[in-house]
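Okay, structure first, notes after.
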Amino acid sequence: MNLQLSLKKQWFELTKSGIKKEDYREITPYWVKRLTQYDKSECDIYYACEFLKKGKEYNDNNSFGRFKYSFCFPKQFKQNRMTLGYPKKNDTERILVFENKGIEIKTGNTEWGAEPNKLYFVIKHGCFLA
């Protein structure tokens, strides 16, 4: 499974240049559904979201720390497909593809758009593929 994320020009250019090697998404019900597998029999999406927001930093590629044997863990993506806005399929200048190196929950780099002391889903980029 591949993960596709749209970026604004500033973050796309930093990613393209190799400076920015991770992307941030807020811990909201939308991103919990999109980035994690959670046990719907144990909790609803809003509880999972609030639980993740209140947690500590978790940085295990296969789990979110103590959630490993609980109800919520990251989906496994093969590639991160980063786009500048919403390009056409053949617009290769506006599409970057990286190996996915996992998803963590931690604070982000303020120089890359993260708010100080706020937890995010941090999507890690590996090798450039296309």
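The shape of the stretch 2-128 can be summarised by an equivalent ellipsoid whose semi-axes, obtained from the alpha carbon gyration tensor, come to 26, 16, 13 Å from longest to shortest.
Considering helices alone, the calculated mean residue ellipticity of the chain at 222 nm is -5500 deg cm²/dmol, with DSSP H runs of length four and up weighted by -39500 (n - 2.57) and normalised per residue. The H on the amide N of Ala114, modeled in the peptide plane, is under 5 Å from the matching H of Asn109, each at least 5 residues off or on a different chain.
For the stretch 1-54, the list of trypsin sites (Lys or Arg not before Pro) that fall in a loop by DSSP and count at most 11 other C-beta atoms within 10 angstrom reads Lys8, Lys40.
Among Val97, Val32, the ranking by other beta carbons within 10 Å of each residue's beta carbon, starting with the fewest, stands as Val97, Val32. When each of Leu84, Leu119, Leu14 is scored by the number of other beta-carbon atoms lying within 10 Å, the sequence from fewest to most is Leu14, Leu84, Leu119. Measuring between alpha carbons in the structure, the pairs from Lys20/Lys101; Lys40/Lys75; Lys40/Lys124; Lys40/Lys89; Lys78/Lys118; Lys75/Lys124 lying more than 24 angstrom apart are Lys40/Lys124; Lys40/Lys89; Lys78/Lys118. What is the helix-to-structure angle for 45-54, meaning the angle in degrees between its Cα long axis and the longest Cα principal axis of the chain, kept from 0 to 90 and rounded to the nearest 10? That helix lies at roughly 90 degrees to the long axis.
Close amide H pairs (under 5 Å, H built 1.01 Å from N) link Lys20 with Thr15, residues at least 5 positions away or on another chain. Cβ under 11 Å from Ile95's Cβ, Ile95 left aside: what net charge do those residues give with Lys, Arg +1 and Asp, Glu -1? With Lys, Arg at +1 and Asp, Glu at -1, the net is +3. Computed on the stretch 74-130, the Cα convex hull volume stands at 102 Å³ per residue.
None of the figures in this text is laboratory data; all of them are computed from the coordinates on show. In this text the structure is predicted, and so the values were computed from the model without any measurement. Cβ atoms come from the backbone with ideal geometry, glycine included; neighbour counts cover every protein chain shown.
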